[in-house]
Amino acid sequence: MAPLLKVETLSIAFKTRKGDVQALHEVSFEVAPGEVVGVVGESGSGKSVSAYTVIGLLDQAGRITHGGVEYDGKPVEGRQRELRGREISMIFQNPRAALNPIMPVGQQIGDVLKRHALAGRTDARAKAIELLKQVKINDPEERVDSYPFELSGGMCQRVMIALALACSPKLLIADEPTTGLDVTTQKATMDLVRDLTKARGMSVVLITHDLGMAAEYCDRIVVMEKGHVVETAPVVQLFTSPQHPYTQKLIAASPGPRSELADLTGGLPEAPPSIAPPRKREPGPERLLEVVDLVKEFPKRGGSFFGRKPAPFRAVDGIGFQMMRGESLGLVGESGCGKSTTSSIIARLQDATSGSVVFDGQDIVQHPAARFARMPERGRIQMVFQDAHDSLDPRWSAAEAIAQPLRRISGMRDGGEIARKVAELAEMVGLPANLLSRYPHQLSGGQKARVGIARAIATDPLLLILDEPTSALDVSVQAVVLQLLDRLRRELGMSYIFVSHDLNVVRLLCERVIVMNRGRIVETGTAEEVLHAPKDAYTQKLVSAIPHFEPERLRAS
Amino acid sequence: MEKLSRIGGRILQAIPPVFGVIVITFLLTRALPGDPAVFFAGLMADDGTIAQVRAELGLDQPLPVQFVYYLGDLLQGDLGNSLTTGQPVLNELAARLPASLELTFAGLFFAMAVAIPLGVLAATRPGSWIDHLCRVLVTAGVSLPTFFTGLFLIYVFYYLLGWAPSPLGRLDFLYLSPPPVTGFYTIDALLAGDWEVFWAALRQMVLPAVTLGLFALAPIARMTRAAMLSALSGDYVRTARANGLGGARVLWIYAFRNAALPVLTTLGMVFSFLLGANVLVEKVFSWPGIGSYAIGALVASDYAAVQGFVLCMALLFVVVNLVIDVVLTLIDPRVGLES
Amino acid sequence: MAAIARLRYTMSENPLTVIGFALFALLAAMAVFGPLIAPYDPLATRAVNALQPPSWAHPFGTDHLGRDVLSRVIVAARLDLGIAFSAVALSFVIGSALGCLAGFRGGWTDRIVGRLSDTIMAFPLFVLAMGVVATMGNTVENVIYATAVINLPFYIRVARAEVAVRRNAGYVQAARLSGSSDLRILATQLFPNVLPPMMVQISLNLGWAILNAAGLSFIGLGVRPPAAEWGIMVAEGASYIVSGEWWLALFPGAALMLAVFCFNLMGDGLRDMVDPTRRT
């Protein structure tokens, strides 16, 4: 069958201040009618650039230097305006921002229908309602008049799907459509896209960094690295016998429900194990942390001018758990479940509304967060942040950032001594010494994560709280950072609270897992139990929503 | 209904600024150099008379009590009497306010008519010659001292070219002012159907309005450009394009409507500049508005008149901001709901 | 080194900024060496010489009292720039302290500081300055105070907004974890990061402060004749415009314009350097 879309030896260059940068190198792939093709790669692989070229929305600085794109046997060049919406349409990430904030969603759908002469002034609204119904939005008659800010992220994504499918195009390009959405919403959205496009016999190009999602929803996968297509293969073949080393590395690095930490880098640890001798810890109570009936309320703003104050929002609703010395505990849940609030109260960055946190035999929530910063206990609970970039002061070099707790908490004054200690910490986290004088914007994501970890372990803490430390990293970098964290824990005798939305990642690092939903703990158990035999209904939903690629299962099907 | 309650909320929110304005004007009154009682009692007064005047003015009372008196006077519309004319300040301000308003609105209208298209053009062609031109023009515009621009325009268009009428007031003495309805000469002339007077009033107003407008060009054009740039690079514009919507519709309905919100907010600030610049322009063009009234009062040390003027301007500005807020509430569904 | 390279890059990208800095150097020289450069005594009157158009002896002509306009324009730089700099320095120090505090502490501090700046902003600013000078007394110091007061809200707002967005930034949290007190965080983490946008504000404000001070003296507030000051000189020359003696008002007005233009160009240039994406 003749391909619907044909990208042939496409090269794109971007004009930047430092001269031309080649974003794509002779990229070729095809999409057959009705086929779902996944374009997979890490950040900077050029996976989105090719899609933007197809639809003619490439940045003004970008231009085609070689090759081209054919749609339905004819070059798209110069006729993208008529193709867009009618023949090819696109959905994007960050759905809330992708809708016009001051126009009701129904009117936005109507606009597209009218543009393609599929509706007039009178029937646009009825057709918009019909489309909203098709994307399974409840109360479409009411929602048609809603503004995007009144809808949840998942609903906004559905509206965008309705927009994209309004004129029954033959090709849908989905650019990371579920990034930033919770895992259960992600599954619902992708199932919807699959069902709707299948029913209409449409072709789909799914651009994603998530191998699991590509495996679950695509027929064929194109793997890209640094602007090159390195491998194209049907799904089963790609995952069962990947040919290119980069594909192999990528597949190995993506944590699945059965992978082991050592497998992530193909059995080869990337950083040499540190030479630091295991720490001798002073003996203390066996129970390191006990959280009792912890509550955190946030006052709700607004209400009407004369009305009563609305009841406060309970982000953390009376939770309690214990943790042993040297244990590693996972705190799992979707956004808004209270896991980050809990961890930041334990880290003493926020004050609790009520309840207690007994750390090493002492109730630490008695001291207000502002005062805790200057107490000696400060050094014993440390934290690694989700966004490594944001957690580094742009005006401080890596060495200065790592030295900060040494000066403030450990009270070190001597410059030479501090420099020696910083160098030692950098070596422990595998940060090359020549990078220590660099500023955050001169470091890569993985390097910044290492700086953050080095700073957190500088005061030799008993408890390290890891707040989604790898969620902003590419999978191959994530693999290395996870191995590093695991090694540090064993060598330094620390305990971890690992906060994450990703059960597969948590399982690699933690023995025990706590699942949270709406401020409460819904399930506790070993990682294997929770992942493979969840008891609570919410946990079951959460686990089943994780996109999997398991070569064994794919082969069987 | 929901909109109405939000508008009600906006109006209530205007109360604290009004209160703040009244407190500050009150404090300014009491900060008069020297003893106001001596001042009001006159040069020939002895100690007894001064004490009597002080008691009459309520100046022997503690400050909070004085403030209550002041509030009471304000509520009755009593701003005191002008020292030079003996007339109530309120009446004099009311008689001159339309002249100032007509000029300020004309200036604002001119500025918006030039600046908004310029900003949109610059934003749709960033880095082009029109973008650079826009930048140079607006920077030059905001750097011009209004009183200097006014004089320069008079020199060129009145003295050298003779195109403009003599820069003295709202209407050449050949004409009679139109029957007052709104107090705006141009509008009143139109209402009376008197085209000749309309043209005369308009000719008289062109130079001062342009002088004012030039000063307001920069902030409006800058904000239009910035807001349009950010709207055009917004994700929702990309979505609209990806669904095949045409250039004009994307530009005006999707990008410009969103960009109009910050521009409208900026107009409040612009109006503050305009009301200030208005004072200077009125002096240069002998425009009989409240600005030139205030300058006359300053020269004559007529404090009641100056206070009345400051209060009047501030209240005017509060009302303008309120109107802008209400308009914003009407067009932006999110206003007042963000938390 | 990187900063210098960036400076040079911005300069080559935007020649207008170079013009701005060059103009600033010229103005600074006039302010510092004014009386030494001026060819005549700026206050010496000679009735026979009154209202001479520009000539070789008097490049900018003479005024109604026969004083040399060029000398007066040069000497006035010190007074005009002095007023502007003192006023902006005052509002920068007070405004950024209040703003940082409000942004960092939030709650009541924020509300009180916010009310204060809202109340000032509720006045048309030039009108408030008029009111302040009129009632506090017609002196140069009071012009400085009045200009400082009306500039205050801008600094409060910029400092408050910049601190508030960074208050919960990761690196501030990290500093807390590293045992820094609030005051230290404010001084070492927040204030240095707030400074660049404040520099932009200072540069733009300087131009505005000059305009305000000149505007006040134009309507007879603040500086008194016979002192040489650009606003007064324009006011004195105003009545001669309609009879064609343009040089009295033009040259001081042009000097005023150039000074404001220079600060605006510098502010724009600084803005580009601080944040290229926010160029407007």
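The values are calculated or read from the model by the stated rules, or taken from the named source; none is laboratory data. Here the structure is a predicted model, which means the values were calculated and not measured. We place every Cβ from the backbone using ideal geometry, glycine too, and count neighbours over all the protein chains shown. Areas reflect the complete protein model, heavy atoms only, side chains present, ligands, DNA and RNA absent. Shrake-Rupley method; radii C 1.70, N 1.55, O 1.52, S 1.80 Å.
For this structure, a couple of remarks:
- With Cα atoms as the point set, the radius of gyration and Dmax of the range A:332-438 evaluate to 16.3, 47 Å.
- Expressed to the nearest 5 percent, the antiparallel share of DSSP beta bridges inside the protein assembly as shown is 55 percent.
- Two-site FRET efficiency, A:SER28 against A:GLU130, from Cβ-Cβ distance with R₀ of 51 Å, rounded to 0.05: 0.85
- The stretch between A:LYS535 and A:ARG287, if pulled fully straight at 0.36 nm per residue, gains 86.6 nm over its current Cα-Cα span.
- Using a probe of 1.4 Å, the accessible surface attributed to A:HIS389 totals some 90 Å² when neighbouring protein chains are kept in position.
- In degrees, nearest ten, helix A:183-199 long axis to first principal axis of chain A (Cα): 10
- Rounded to the nearest 20, the size of the Cβ-charge dipole of the range A:5-253 about its Cα centre is 520 debye, with Lys and Arg at +1 and Asp and Glu at -1.
- The trypsin sites (Lys or Arg not before Pro) of the range A:369-449 that meet both conditions, a loop assignment by DSSP and at most 10 other Cβ atoms within 10 Å of the site Cβ, are A:ARG413.
- Stretch gain in nm, segment B:ALA94-B:VAL181, where the contour uses 0.36 nm per residue and the Cα spacing is subtracted: 30.0 nm
- Selection from A:VAL223, A:ALA117, A:LEU485, by position along the positive dipole direction of chain A (Cβ): A:ALA117
- Amide H contacts under 5 Å for A:MET324, placed H, 5+ residues apart: A:LEU288
- In terms of accessible area, using a 1.4 Å probe and ignoring ligands and nucleic acids, C:MET30, C:MET130 rank largest first as C:MET30, C:MET130.
- Think of the protein assembly as shown as having a plus end and a minus end, set by charges on the Cβ of Lys, Arg, Asp and Glu; of A:GLN442, B:ALA106, A:ALA370, A:GLN442 sits farthest toward the positive end of this dipole.
- Taking 0.36 nm per residue of sequence separation and removing the Cα-Cα distance, the A:ALA61/A:ASP191 pair yields an extension gain of 43.2 nm.
- Distance (nanometres) between label positions extended 7 Å along Cα→Cβ at B:GLN87 and B:VAL136: 4.8
- Computed over neighbours whose Cβ is under 14 Å from that of B:GLN61, the net charge equals -1, Lys and Arg +1, Asp and Glu -1.
- With contacts taken as Cα pairs under 8 Å at a separation of at least 6 residues, chain B carries a relative contact order of 25 percent.
- Quotient of the Cα radius of gyration of the protein assembly as shown and 2.2 N^0.38 Å, N being its number of residues: 1.09.
- Amide H contacts of A:VAL229: A:SER28, each under 5 Å away and 5 or more positions distant or on a separate chain (H built 1.01 Å from N in the peptide plane; Pro and chain starts excluded).
- Cut-off 13 Å between beta-carbons: net charge of the residues surrounding A:ALA117, Lys and Arg +1, Asp and Glu -1: +2
- Projected label points at C:ALA50 and A:GLN243, each 7 Å from Cα along the beta carbon direction, are separated by 9.9 nanometres.
- Dipole size of the range A:66-165 about its Cα centre, with +1 on Lys/Arg Cβ and -1 on Asp/Glu Cβ: approximately 120 debye, rounded to the nearest 20.
- In this calculation the C-beta distance from A:VAL236 to A:ASP317 is compared with R0 = 51 Å, giving a FRET efficiency of 0.70.
- Residues in the range A:389-429 that a label on A:GLN442 would reach, taking backbone N under 20 Å of a point 7 Å out along Cα→Cβ: A:389-404, A:419-420, A:422-427
- Using the Cβ-Cβ distance between A:GLU150 and A:SER544 with R0 = 35 Å, the FRET efficiency computed as 1/(1 + (r/R0)^6) comes to roughly 0.75.
- Residue pairs, from the table A:LYS296/B:LYS3; A:LYS15/A:LYS47; A:LYS339/A:LYS448, whose Cα atoms sit over 29 Å apart: A:LYS296/B:LYS3
- Here the relative contact order of chain C, from alpha carbon pairs under 8 Å that lie six or more residues apart, stands at 24 percent.
- Using the Cβ of C:MET121 as centre and a radius below 11 Å, the other residues enclosed give a net charge of +1, where K and R count +1 and D and E count -1.
- Selection from B:GLY246, B:MET228, B:ILE154, by position along the positive dipole direction of the range B:98-331 (Cβ): B:GLY246
- Shielding of A:403-409 by partner chains, average beta-carbon count, 10 Å: 5
- Of the DSSP H helices in chain B, those whose Cα atoms cover at least 27 Å axially and whose Kyte score averages 1.6 or more: B:303-331
- Within the protein assembly as shown, helix-based [θ] at 222 nm, where runs of 4 or more DSSP H residues each add -39,500 (n - 2.57), nearest 500: -17500 deg cm²/dmol
- Mean separation of Cα contacts under 8 Å (6+ apart) over length of chain A, as relative contact order %: 15
- DSSP-defined beta bridges in chain A - what % are antiparallel, rounded to 5: 55
- In a reduced charge model with +1 at each Lys and Arg Cβ and -1 at each Asp and Glu Cβ, the range B:98-331 shows a dipole moment near 960 debye about its Cα centre.
- Simple label model, 7 Å out from Cα along Cβ direction - B:LEU4 to B:ALA55, nm: 5.4
- Projected-area average for chain A over all orientations - Cα convex hull basis, square nanometres: 29.3
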